[in-house]
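Encoded as structure tokens, the structure appears first; notes follow it.
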Amino acid sequence: MEGKRSEKVADLIRKEVSEMFVKTVRDPRIGLITITRVTVTQDCRLARIHFSVPGSVEERERAMEGLDSAKGYIRKELARRVNLRYTPEILFEFDPSIEYAIHIGEVLQSLQKEREEKPDEN
């Protein structure tokens, strides 16, 4: 039952933090950010917020700097919005899964083009 609680807390944090990025967090370094998932420890003391940012490595690093500087505000706002005994510490982690999926899609497209351009050898 405890695992379910941490999953519910993680879903709630993802929803609230995503809304904050849309409505209240105005750091230009953050830009277009997607919260891909949130994991919370069993005791709900630490929330790992996984995110993705389109663009270059430099844009990702700038977004990480912006997230680190907004961490205090986000935690304080989370405490105000979510009724928990303890507001979890927040840790932002880059999630490369979207970039990887895009890369796989491009590879598959290029293979499909090769197949269509090559005459059938059967």
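One residue stands out among those in the stretch 83-103 that are among the β-branched types (V, I, T) and more than 27 Å from D43 (Cα to Cα): the one that is modelled with the highest pLDDT, which is I102.
Could you list, in sequence order, all residues of the stretch 32-83 that are at positive phi and touching a helix residue (DSSP H, G or I) at 6+ places or on another chain (Cβ under 6 Å)? Within the stretch 32-83, just C44 meets the criteria. Before we move on, is L111 loosely packed, with under 11 Cβ neighbours inside 10 Å and aliphatic (A, V, I, L, M)? Taking the combined requirement at face value, the residue satisfies it.
Can you say whether V82 is touching a Lys or Arg at 6+ places or on another chain (Cβ under 7 Å), among the aliphatic types (A, V, I, L, M) and surrounded by 14 or more Cβ atoms within 10 Å (Cβ to Cβ), as far as the supplied structure shows? No, not satisfied.
The strands (runs of 3 or more DSSP E) found entirely in the stretch 1-107 that carry 3 or more residues being under 12 Å from the mean Cα position of the chain (by Cα) and free of Cβ contacts under 8 Å to residues at least 40 places away in the same chain are 34-40. Candidates A70, A63, A47: the one that is of a type outside the set (K, R), surrounded by 14 or more Cβ atoms within 10 Å (Cβ to Cβ), in contact with a strand residue (DSSP E or B) (Cβ under 7 Å, 6 or more places away or on another chain) and modelled with pLDDT of 90 or more is A47.
The values are calculated or read from the model by the stated rules, or taken from the named source; none is laboratory data. Because the structure is a prediction, the values reported are computed rather than measured. A quick note on method: Cβ atoms are made from the backbone with ideal geometry, for glycine too, and the neighbour counts reach across all protein chains shown.
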